[in-house]
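Peer 1: Provided herewith is a single structure, encoded as structure tokens, for subsequent inquiry.
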Amino acid sequence: MSGLESIGSVISNIDDIEKGAQVATSLLQHGANFVRANRVNWQSYLQGQMISNEDYQFISKFDNSTLEQRVVLLGDEKGKMQFAKTFFNLMSHIAKDQTLQYILTMLDDMLQEDKTRVEILKVYSRKNKESVWSPFLHLLDRQDRFIVNQTSRIIAKIACWGKDLMETSDLKFYLNWLKDQLKLPGNEYLQTAARCLQMMLRVDTYRYMFIQVDGVATIISVLDSSKMGFQIQYQLIFCLWCLTFNPNLLERMSKQHNIIPILSDILSDTVKEKVSRIILATFRNLLEKPEERELVQENALSMVQCKVLKQLELLEARKFDDPDIVEDLQYLQEKLQESVQDLSSFDEYVTEIKSGRLEWSPVHKSDRFWRENAIRLNEKNYELLKILVRLLEGSKDPLILSVAAHDIGEYVRYYPRGKNVIEQLGAKHLVMQYLTHEDPNVRYEALIAVQKLMVHNWEYLGKQISQAKAEEAPGVIPAKA
């Protein structure tokens with residue numbers, strides 16, 4: 001699966017998966033079946049003068065038509081324009097939730113029946129100099145959750161199946177709306193929102209906008225939250241997989257978002273083959289698609305740090321029948337083994353720090369490591385030190401806090417000007433606040449780190465005192481401070 005080499009191949013693959021998408025929208029599908037069973041009395045709307053006779057004649061005929069009859073109804077330009085006109089009129093003039101549910105479900109069914117029908121809506125809107133998106137985006141504000149999610153599904157289809165792409169402002173609004181749905185507490189239509197996002201991220205332009213609105217952070221936060229079903233895991237990881245086909249997006253994703261640790265955790269816990277398959281495909285893209293060799297190496301080392309090699313061994317023992325999984329397993333094992341052979345102690349340290357998952361690996365306690373590499377923590381504008389500071393600020397894990405405090409102390413100990421750097425980065429007061437931490441190991445490492453910071457003060461003070469004494473009494477050898 002991950003050997004696909006073009007966006008066109010990706011789209012084809014997603015189309016195949018769409019054929020089995022009923023599970024992903026099970027609640028919406030269940031609701032749609034209920035809606036279809038409750039037919040609308042269009043005659044009452046005509047008698048109440050809520051719809052025109054023209055719209056009544058068309059919708060009555062259309063609602064009771066067979067597949068073949070609908071093809072005939074939409075067989076010429078006049079029929080197509082009446083189709084669009086009637087549906088837009090009904091959406092704008094009918095306020096009753098139950099009837100609007102029926103209209104939207106009927107429209108969704110018509111588009112699902114023939115994808116090219118999205119162009120009918122677009123052509124009609126252009127002829128009338130109106131936005132095809134406004135009537136639908138307006139419905140996203142409704143209180144009825146079925147209406148909202150059925151509308152979202154239609155928007156995604158029009159955006160993905162039409163010849164013209166969604167305009168920037170509407171696209172940004174819709175993608176942000178989808179993000180909000182993913183974060184909405186207790187959202188029973190979560191799978192529907194994820195399904196719409198899966199469709200949207202098939203389009204290259206939409207991927208770039210999704211990155212711009214910081215959509216990856218939302219996906220990561222949902223994946224990293226409390227337990228969720230495997231279907232949501234699969235759908236959201238599928239979205240990440242789509243994004244990994246763009247080499248120029250991969251660098252931004254890798255630098256701004258720590259996706260490898262999250263995916264490795266899910267890989268170690270899941271028992272679902274489809275989830276394992278999509279994670280392996282994503283990992284493969286992270287090693288295969290980047291144009292910068294340095295990024296490939298960073299991703300590989302991150303996987304090694306997150307114990308992915310061990311997971312690959314366990315998966316290999318399961319003897320999958322799916323050739324895509326077998327091929328991806330072999331590829332990943334080969335690439336990660338190569339990375340392990342080239343791994344230096346500093347590479348290992350960098351990978352661990354960037355993963356944010358600190359542990360007492362051998363490098364932390366090695367005097368030789370710190371003597372040779374302390375100054376390298378200044379590289380890339382103190383990138384590694386800044387990560388340690390962020391971990392001290394935000395982590396609640398005693399192990400991470402202990403190791404971070406220890407490393408701050410070792411940096412100061414082995415780099416002569418380290419104290420000034422640490423103070424400028426705001427790490428000194430962070431370490432000192434952990435002197436009263438509830439965990440004894442955190443308190444101990446914080447105390448040792450503070451002592452190392454203070455020793456530099458004493459050495460500096462001792463030199464100043466010695467210099468002052470020498471100036472006052474020339475020729476007298478000052479005592480050691």
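The values are calculated or read from the model by the stated rules, or taken from the named source; none is laboratory data. Being a predicted model, the structure only gives us computed values, none of them experimental. So basically every Cβ, Gly included, is an ideal-geometry build from the backbone, and we count neighbours across all protein chains shown.
Peer 1: Take residue 371 and tell me if it is assigned to a helix (DSSP H, G or I) and loosely packed, with under 15 Cβ neighbours inside 10 Å.
Peer 2: Criteria met by residue 371.
Peer 1: Moving on to the next point. If I ask for residues that are under 43 Å from the mean Cα position of the chain (by Cα), under 16 Å from residue 94 (Cα atoms) and not aliphatic (A, V, I, L, M), which ones from region 36-82 would you list?
Peer 2: The one that is under 43 Å from the mean Cα position of the chain (by Cα), under 16 Å from residue 94 (Cα atoms) and not aliphatic (A, V, I, L, M): 39.
Peer 1: So, in region 248-258, of the ones that are assigned to a helix (DSSP H, G or I) and of a type outside the set (D, E, K, R), which residue ends up surrounded by the fewest Cβ atoms within 10 Å (Cβ to Cβ)?
Peer 2: Step one: list which residues in region 248-258 are assigned to a helix (DSSP H, G or I), which gives 248-256.
Those still in the list that are of a type outside the set (D, E, K, R) too: 248-250, 253-254, 256.
Numbers: 248: 11, 249: 18, 250: 21, 253: 19, 254: 21, 256: 13.
Step by step, filter region 248-258, then rank; the result is 248.
Peer 1: Sticking with this one: Which number in (1) under 14 Å from residue 139 (Cβ atoms); (2) in contact with a helix residue (DSSP H, G or I) (Cβ under 8 Å, 6 or more places away or on another chain); (3) of a type outside the set (A, V, I, L, M) marks the one condition that residue 93 misses?
Peer 2: Condition (2) is where residue 93 drops out.
Residue-by-condition table, conditions (1) out of contact with any Asp or Glu (no Cβ under 7 Å at 6 or more places or on another chain); (2) surrounded by fewer than 16 Cβ atoms within 10 Å (Cβ to Cβ):
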residue	(1), (2)
364	no, no
388	no, no
398	no, no
404	yes, no
410	yes, no
417	yes, yes
424	yes, yes
433	yes, yes
436	yes, yes
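Peer 1: A follow-up question, please. On the basis of being modelled with pLDDT under 90, assigned by TED's automatic domain parsing to the domain that holds residue 265, assigned to a helix (DSSP H, G or I) and not small (Gly, Ala, Ser), does residue 334 make the cut? Spell out the reasoning first.
Peer 2: Numbers: modelled with pLDDT under 90: no; assigned by TED's automatic domain parsing to the domain that holds residue 265: yes; assigned to a helix (DSSP H, G or I): yes; not small (Gly, Ala, Ser): yes.
Here the answer is no, as residue 334 does not meet what is asked.
Peer 1: Look at residue 30 and say whether it is under 32 Å from the mean Cα position of the chain (by Cα), loosely packed, with under 13 Cβ neighbours inside 10 Å and under 23 Å from residue 145 (Cα atoms). Spell out the reasoning first.
Peer 2: Details: under 32 Å from the mean Cα position of the chain (by Cα): yes; loosely packed, with under 13 Cβ neighbours inside 10 Å: yes; under 23 Å from residue 145 (Cα atoms): yes.
Yes: the conditions hold for residue 30.
Peer 1: Name the residue that is surrounded by the most Cβ atoms within 10 Å (Cβ to Cβ), counting only residues in region 259-309 that are in a helix (DSSP H, G or I) and in contact with a Lys or Arg (Cβ under 8 Å, 6 or more places away or on another chain). Talk me through it step by step, then tell me what you get.
Peer 2: Of the residues in region 259-309, the ones in a helix (DSSP H, G or I) are 259-269, 273-288, 293-305, 308-309.
Next, from what is left, pick out any that are in contact with a Lys or Arg (Cβ under 8 Å, 6 or more places away or on another chain): 261, 264, 268, 287, 298, 300, 302, 305.
Numbers: 261: 19, 264: 22, 268: 14, 287: 21, 298: 22, 300: 26, 302: 24, 305: 24.
Among those residues, the one meeting the criterion is 300.
Peer 1: Looking at 408, 400, 353, which is the one that is closer than 21 Å to residue 310 by Cα, in contact with a Leu (Cβ under 7 Å, 6 or more places away or on another chain) and part of a helix (DSSP H, G or I)? Step through it out loud before you land on a result.
Peer 2: On the way: 408 fails: closer than 21 Å to residue 310 by Cα; 400 fails: closer than 21 Å to residue 310 by Cα.
Every option except 353 fails the conditions.
Peer 1: A further question follows. Right, residue 190: at pLDDT 95 or above and within 25 Å of residue 34 (Cα to Cα) or not? Reasoning before the result, please.
Peer 2: Working: at pLDDT 95 or above: no; within 25 Å of residue 34 (Cα to Cα): yes.
Against the criterion (at pLDDT 95 or above and within 25 Å of residue 34 (Cα to Cα)), residue 190 does not qualify.
Peer 1: So, one more: List, please: which pairs have Cβ atoms under 7 Å, are six or more places apart or on different chains, and start with a residue in region 400-417 that is within 15 Å of residue 360 (Cβ to Cβ) and touching a residue at least 60 places away in the same chain (Cβ under 8 Å) and end with one that is surrounded by fewer than 24 Cβ atoms within 10 Å (Cβ to Cβ) and basic (Lys, Arg)?
Peer 2: Every condition considered, no pair remains.
Peer 1: Restricting attention to region 143-160, does a residue exist that is within 23 Å of the chain's Cα centre (by Cα) and basic (Lys, Arg)?
Peer 2: yes
Peer 1: Looking only at region 182-191, decide whether some residue is within 27 Å of residue 79 (Cα to Cα) and more than 18 Å from the chain's Cα centre (by Cα).
Peer 2: Filtering region 182-191 for residues within 27 Å of residue 79 (Cα to Cα) gives none.
There is no residue in region 182-191 that is within 27 Å of residue 79 (Cα to Cα) and more than 18 Å from the chain's Cα centre (by Cα).
Peer 1: Restricted to region 40-84, and to residues that are without any contact (Cβ under 8 Å) to a residue 24 or more places away in the chain and of a type in the set (Phe, Trp, Tyr), which residue is farthest from residue 97 (Cα to Cα)?
Peer 2: Within region 40-84, the match that is farthest from residue 97 (Cα to Cα) is 56.
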